[in-house]
Amino acid sequence: RETANILGVPIDIVTNESAFEKFKSLLRGEKCSVIVTPNSEIVMAASKDERLKGILKESDLCIPDGIGLIYASKIHNLGLTERVTGVDFMYKILSYCNDNDKSIYILGGKVGVAEKACKNIKNKFPNIKIKGFRDGYFKEAEERKIIEKINELKPDVLFVGLGAPKQEIWMNKYKEKLNVKVAMGIGGSIDIWAG
Ligand code: UDP
């Protein structure tokens with residue numbers, strides 16, 4: 001894995017195309033792989049927070065979502081050439097799932113938001129299998145049940161929209177327990193899909 005070290009955070013040196021190839025290989029894996037899409041703000045926060053830095057380092061794919069990271073890379077010659085935004089990446093994943101009989105689950109957003117996002121996704125990608133959704137405002141005590149439900153449904157891709165860095169912390173905490181192929185932090189993309 002080739003990475004650009006920005007403020008101590010390794011960001012994968014990928015293009016939109018190579019990042020997507022990596023996603024497809026993660027989808028074929030056995031364990032739950034985690035995709036994170038940090039922007040400069042998150043990288044800055046991680047540079048001052050060892051725990052968050054460790055969590056980003058432990059991800060399986062860390063894509064540069066944020067033009068600031070590309071500028072930093074250009075200035076210091078670190079090898080990042082293009083921005084790979086979470087919202088574009090999610091769109092491609094949805095399109096791929098639609099075409100390849102893969103399933104998704106969306107966790108996050110205010111009550112009703114994930115449901116609305118799912119409706120709009122289904123309109124755009126009629127063949128996609130949406131296994132379920134739930135809002136992102138729950139207590140820690142409810143998390144075991146949430147994981148059990150997701151594991152019963154076994155979606156190929158779990159989108160987690162709890163805002164950064166909450167979603168990154170959450171995915172890192174539960175990746176060993178989740179019976180999904182890929183978990184990806186999507187932040188505000190959930191609201192974009194809900195429209
Ligand atoms: N969110 C959530 N649970 C939380 C906090 C946030 O589901 O405990 C959702 C929020 O409703 C929104 C999304 O996470 O849909 C992104 O939140 P925010 O804009 O704060 O994060 P960012 O996009 O800046 O990472």
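Taken together, the values in this text are just the output of simple stated rules run on the coordinates, not laboratory data. Predicted model, so just to flag it, every value in this text is computed and none were measured. All Cβ positions, even for glycine, are placed from backbone atoms using ideal geometry, and neighbour counts span all protein chains on display.
Electrostatic tally near Ala194: other residues with Cβ closer than 15 Å to its Cβ, Lys and Arg +1, Asp and Glu -1, net +3. Helix 113-124 and the long axis of the chain differ in direction by around 90°, with both axes built from C-alpha atoms. Net charge in the neighbourhood of Lys175 (other residues with Cβ under 10 Å of its Cβ; Lys, Arg +1, Asp, Glu -1) is 0.
Extending 7 Å from Cα along the Cβ direction at Arg51 and again at Arg1 yields two label points whose distance is 2.1 nm.
Ordering of 184-191, 124-131 by packing is 184-191, 124-131, highest average first (other Cβ atoms within 10 Å, averaged per residue).
Extension gain, Thr81 to Tyr137, is 16.5 nm, computed as 0.36 nm per intervening residue step minus the present C-alpha separation. One Cα centroid belongs to the stretch 2-69, the other to the stretch 169-188; the line between them spans 13 Å.
Calculated [222 nm] ellipticity per residue, helices only, for the chain: -13500 deg cm²/dmol; basis is -39500 (n - 2.57) per DSSP H run with n ≥ 4, divided by all residues, nearest 500. Add +1 for every Lys or Arg and -1 for every Asp or Glu among the other residues with Cβ under 10 Å from the Cβ of Asn98, and state the total. Once all neighbours under 10 Å are counted, the net charge is +2. Ranked by the mean number of other Cβ atoms within 10 Å of their residues, highest first, the peptides 142-152, 39-49 come out as 39-49, 142-152. Overall size of the stretch 18-112 from C-alpha positions, given as principal axis extents largest first: 42, 30, 29 Å. Between amide H atoms placed 1.01 Å from N, distances below 5 Å from Gly108 occur with Arg134, Asp135, Gly136, Gly161, all of them 5 or more places distant or on a separate chain. Just to confirm the filter: which GluC sites (Glu not before Pro) across the stretch 1-40 are DSSP coil and have at most 12 other Cβ within 10 angstrom of their Cβ? For GluC sites (Glu not before Pro) across the stretch 1-40 that sit outside H, G, I, E and B with at most 12 neighbouring Cβ atoms in 10 Å, the list reads Glu2, Glu30.
Which whole number in µm²/s is D for the chain by Stokes-Einstein, with the Kirkwood Rh taken over Cα pairs at 10 °C and 1.306 mPa s? So the translational diffusion coefficient is about 95 µm²/s.
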